[in-house]
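So the structure is just underneath, and the comments pick up after that.
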Amino acid sequence: MYIVHVHVHVKGEYVEEFIRTTIENARSSLYEPGVARFDVLQSQDDPTHFILVEVYRTIEDSAKHKETTHYQQWREKVAVMMAEPRSSMKYRNIFPDENGW
């Protein structure tokens with residue numbers, strides 16, 4: 001698995017719109033065969049801070065996701081909502097492994 005944590009800091013006035021737009025993107029992403037999971041997390045301490053947890057079957061599936069219409073529309077819509085550029089960290093799955101252990 002290839003896991004990406006996308007950190008997003010949103011301007012306060014856009015929080016609700018960001019949530020709606022991002023959930024729409026996440027739902028569409030789950031229909032992609034290469035997407036195993038797509039979580040949208042909001043900080044309890046800072047409601048303008050979000051983490052998108054994107055789990056892909058392969059690194060190539062992550063690249064395919066960025067080519068989808070729904071991702072490109074999301075990226076365009078949320079650009080004005082950002083308080084700062086989003087950042088990401090990439091991970092590989094250690095446990096459980098492909099056998100569930």
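Place a point 7 Å from the Cα of residue 71 along the Cα-to-Cβ direction; which residues of the range 1-16 have their backbone N under 20 Å from it?
1-9
Given R₀ = 30 Å, what would the calculated FRET efficiency be for residue 94 paired with residue 13, taking r from the Cβ atoms and rounding to 0.05?
Details: r = 40 Å, r/R0 = 1.32.
It comes out at approximately 0.15.
Give me the percent relative contact order of the range 2-92, please, defined on Cα pairs under 8 angstrom at least 6 residues apart. Please list the in-between numbers first.
Numbers: 145 pairs, mean separation 43.4, N = 91.
It comes to 48 percent, rounded to a whole number.
If you wrap a convex hull around the Cα atoms of the chain, how much volume per residue is inside, in Å³?
Working: hull volume 10.3 nm³, N = 101.
Once divided by residue count, the hull of the chain is 102 Å³.
Quick check on packing: order 36-47, 83-94 by the mean number of other C-beta atoms within 10 Å, highest mean leading.
Details: 36-47: 12.7, 83-94: 10.9.
Descending packing order for the listed peptides: 36-47, 83-94.
Count the lysine pairs in the chain whose Cα atoms lie under 21 Å apart, taking only pairs 8 or more positions apart in sequence or on different chains. Working shown, then result.
Working: 11/77; 64/77; 64/90; 66/77; 66/90.
Summing the qualifying lysine pairs gives 5.
Computed from the coordinates by the stated procedures, all read-outs in this text should not be read as laboratory data. As the structure is a computational prediction, the values presented were derived from the model and not from experiment. Virtual Cβ from ideal backbone geometry, glycine too; neighbours counted across all protein chains shown.
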